[in-house]
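The values are calculated or read from the model by the stated rules, or taken from the named source; none is laboratory data. Computed from a prediction, not measured in an experiment: that's the story for all the values here. Backbone-built Cβ (ideal geometry, glycine too); neighbour counts: all protein chains shown. Quick note on the areas: whole protein, heavy atoms, side chains included, nothing else; ligands and nucleic acids left out. Shrake-Rupley method; radii C 1.70, N 1.55, O 1.52, S 1.80 Å.
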Amino acid sequence: MDLPTLEAEERFWARGMQRVAGLDEAGRGAWAGPVVAAAVILPCDAGVHAALKGVRDSKQVSPATREILAARIVEVALAVGVGRGEQQEIDALGIVPATRLAMQRALAALSVAAEALVIDALPLPAVNLPQDVFPYADARSLSVAAASIIAKVSRDRWMVDVAEADFPGYGFAQHKGYGTRQHRAALDLLGVCPIHRLTFRPVTVCLSAD
């Protein structure tokens, strides 16, 4: 399995843009909760690979390892920002515009401004910065892989701490709002709760059955 590289970042570094933010999101396909994006600016230093050994696409890493890596990313990165698109915005705007909002908010949350972006699949036309956007960037770019881990860990923590505390019985701590058999059974038994995405078909079907 190929590890993520700094090739995309290095192309910007070679043009004098040192603050390159990798961007990725978590939760686009979930039935409940926000979509969460993260922006990570890594040091302009090839040695960052060794410092972030093990960082890769969050889907390739166990939850326990993601937590360890997230803490390491925060230590090594020049800046980390997190943004959310709330379920109400997802319902009102659609998942893609809400994801773009989350990404823009993650950029705004950075302690230093980004000069260029590397993004997994989704360009940001409202952001006037050079952008390198390509598929599977979370597996190919180290800064995007780091962002994928931060986004996933941030969203999972919210689903465990907030959603489960406020809406017990749905199993959010286990499935994090995604479409599992457990989640569907909870919907059938308990109905829709305030953090469900009302425009997502399984939730819409549940509403129409009431």
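Would you pick out the residues in region 166-210 that are in a loop (DSSP other than H, G, I, E, B) and out of contact with any helix residue (DSSP H, G or I) (no Cβ under 9 Å at 6 or more places or on another chain)?
Pro168, Tyr178, Asp210
Go through region 145-185 residue by residue and tally those that are closer than 19 Å to Pro202 by Cα and among the hydroxyl-bearing types (Ser, Thr, Tyr).
3
Just need a number here: residues in region 105-116 that are open to solvent by less than 50 Å² (accessible area, probe 1.4 Å) and under 16 Å from Phe12 (Cβ atoms).
4
Does Thr199 satisfy the condition of being surrounded by fewer than 17 Cβ atoms within 10 Å (Cβ to Cβ), in contact with an Asp or Glu (Cβ under 7 Å, 6 or more places away or on another chain) and farther than 30 Å from Arg19 by Cβ?
When the stated conditions are applied, Thr199 passes them.
Is at least one residue of region 108-123 part of a helix (DSSP H, G or I) and either in contact with a Pro (Cβ under 6 Å, 6 or more places away or on another chain) or of a type in the set (S, T, N, Q) (or both)?
Kept after step one, since they are part of a helix (DSSP H, G or I), are these residues of region 108-123: 108.
Retained after the next criterion (residues that are either in contact with a Pro (Cβ under 6 Å, 6 or more places away or on another chain) or of a type in the set (S, T, N, Q) (or both)): none.
Within region 108-123, none of the residues are part of a helix (DSSP H, G or I) and either in contact with a Pro (Cβ under 6 Å, 6 or more places away or on another chain) or of a type in the set (S, T, N, Q) (or both).
If only one of Arg184, Arg100 is among the basic types (Lys, Arg), over 30 Å from Lys53 (Cβ atoms) and at pLDDT below 95, which one is it?
Only one candidate passes the filter, namely Arg184.
Could you check region 153-162 and list, in sequence order, the residues that are within 15 Å of His196 (Cα to Cα) and open to solvent by 60 Å² or more (accessible area, probe 1.4 Å)?
none
Just checking, does region 117-126 include any residue being over 18 Å from the mean Cα position of the chain (by Cα) and open to solvent by 50 Å² or more (accessible area, probe 1.4 Å)?
yes
Looking only at region 163-186, filter to residues that are under 24 Å from Val96 (Cβ atoms) and of a type in the set (A, V, I, L, M, F, W, C); which one of those is surrounded by the fewest Cβ atoms within 10 Å (Cβ to Cβ)? Give the derivation first.
Our first condition is that a residue be under 24 Å from Val96 (Cβ atoms); within region 163-186, this holds for 163, 172, 175-180, 183.
Pick out the ones that are also of a type in the set (A, V, I, L, M, F, W, C) and you get 163, 172.
Working: Ala163: 22, Phe172: 28.
The selected residue is Ala163.
Does Ala114 qualify as being in contact (Cβ under 8 Å) with a residue 12 or more places away in the chain and either of a type in the set (Ser, Thr, Tyr) or in contact with a helix residue (DSSP H, G or I) (Cβ under 7 Å, 6 or more places away or on another chain) (or both)?
Values: in contact (Cβ under 8 Å) with a residue 12 or more places away in the chain: yes; either of a type in the set (Ser, Thr, Tyr) or in contact with a helix residue (DSSP H, G or I) (Cβ under 7 Å, 6 or more places away or on another chain) (or both): yes.
Taking the combined requirement at face value, the residue satisfies it.
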